[in-house]
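Here is the structure we will look at.
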Amino acid sequence: MQDGLYYRPIPQDQGGRWPLAGGWTGFTHLECLQRGAAPRIVDSAPDRVMVALTAPRPSVLGLTLDRPRLMGIVNATPDSFSDGGRYDPASQARTLVADGADLLDIGGESTRPGAEEIAVPDEIARILPAIEAARGLLPISVDTRKAAVAQAALAAGAGMVNDVSGFDFDAGLAPLVAGAGVPVCLMHAQGLPATMQDNPRYDDVLLDVYDALAARIDRAVRAGIPADRIVIDPGIGFGKTEAHNLAILRRISLYHGLGCPILLGVSRKRFIGRIGGADLAAERMPGTLALTVAAVAQGVQIHRVHDVAEHAQGLRLIAALNKNGKAGT
């Protein structure tokens, strides 16, 4: 955003004048957005904006981001909305490695709508066996809001922190991440899981989330975390209605303007089931894959999914169709 204007690159299937975030697609035109005004198409943006939109993104945990990456979800939680208590987390970690995940995200506290906070010792006890099982097989991210949990996970072999609160929940987490020198994903959420879906409101959800993520990045940098170690997540379903989710997904390429890799977590979420006609979370893989493919077309780099094998297959097909052969595993 610059001078009240936001610039969304419009990706093209066959590339364009500029590379998008140094990745597999490009753009020639941009959509200029402004609060209270209709979008307009432009063919240039200020230099500072163009640098943010075109610069290659740094590797995350040794993974280059010139092609989409799959983050496999390991829920060590008995009450996860999708698969809580349905598998042994350590075994699931090994399964996702074999299925083609690029990295794993291991969490021990459910943050589904309505979920309550659990005690730190319980959360640590849930995640450590899965981290130990996956250590050395793939890069590991720990999905937690809490500094004490993150510290235990990093000591056990995790290399990244994925904080759904974007450093809003635990004031000790930012300095811990800074001191450990590890990457972090900062997600946008409105409110706490227990109440976040009660009545979420925004003036303009696309731009409000952009501004909130920009503020989170700034806070992290001031805490001593270099910008090249920050990943962002717009937080689909976290304090957002179905309409909010769709508005973000339609124009998610806007968030490349923040200069950080984008992580998208839509896997099996409720709005996919409502739109797609799948009441059970386990039946929402096709809808999840459809949204993943759409996000890949907008240059989103990291996709947090339950169904890794199916998404890996989908990305291989995208790569085969893409003339530069990079949009897949």
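The values are calculated or read from the model by the stated rules, or taken from the named source; none is laboratory data. Because the structure is predicted, anything quoted here is derived from the model rather than measured. A quick note on method: Cβ atoms are made from the backbone with ideal geometry, for glycine too, and the neighbour counts reach across all protein chains shown. To get the accessible areas, we keep the full protein, side chains included, count just its heavy atoms, and leave off ligands, DNA and RNA. Shrake-Rupley method; radii C 1.70, N 1.55, O 1.52, S 1.80 Å.
Structural remarks
- Count of residues meeting criterion [closer than 23 Å to Val205 by Cα, at pLDDT 95 or above and open to solvent by 20 Å² or more (accessible area, probe 1.4 Å)] in region 15-44: 9
- Some residue of region 81-95 being more than 21 Å from Val161 (Cα to Cα), β-branched (Val, Ile, Thr) and in a helix (DSSP H, G or I): yes
- When the criteria are applied in full, Asp79 fails the requirement of being of a type in the set (Asp, Glu), modelled with pLDDT of 90 or more and open to solvent by 50 Å² or more (accessible area, probe 1.4 Å).
- The lone criterion from (1) of a type in the set (S, T, N, Q); (2) under 23 Å from Arg316 (Cα atoms); (3) crowded, with 18+ Cβ neighbours inside 10 Å left unmet by Ser59 is number (3).
- Cβ-Cβ distances below 8 Å connect no pair with a first residue in region 288-306 that is closer than 19 Å to Ala278 by Cα, a second residue that is aromatic (Phe, Trp, Tyr) and open to solvent by less than 10 Å² (accessible area, probe 1.4 Å), and a separation of six or more residues or different chains.
- All conditions but one from (1) in contact with a Ser or Thr (Cβ under 7 Å, 6 or more places away or on another chain); (2) more than 22 Å from Ala93 (Cβ to Cβ) apply to Arg216; the one that does not is (1).
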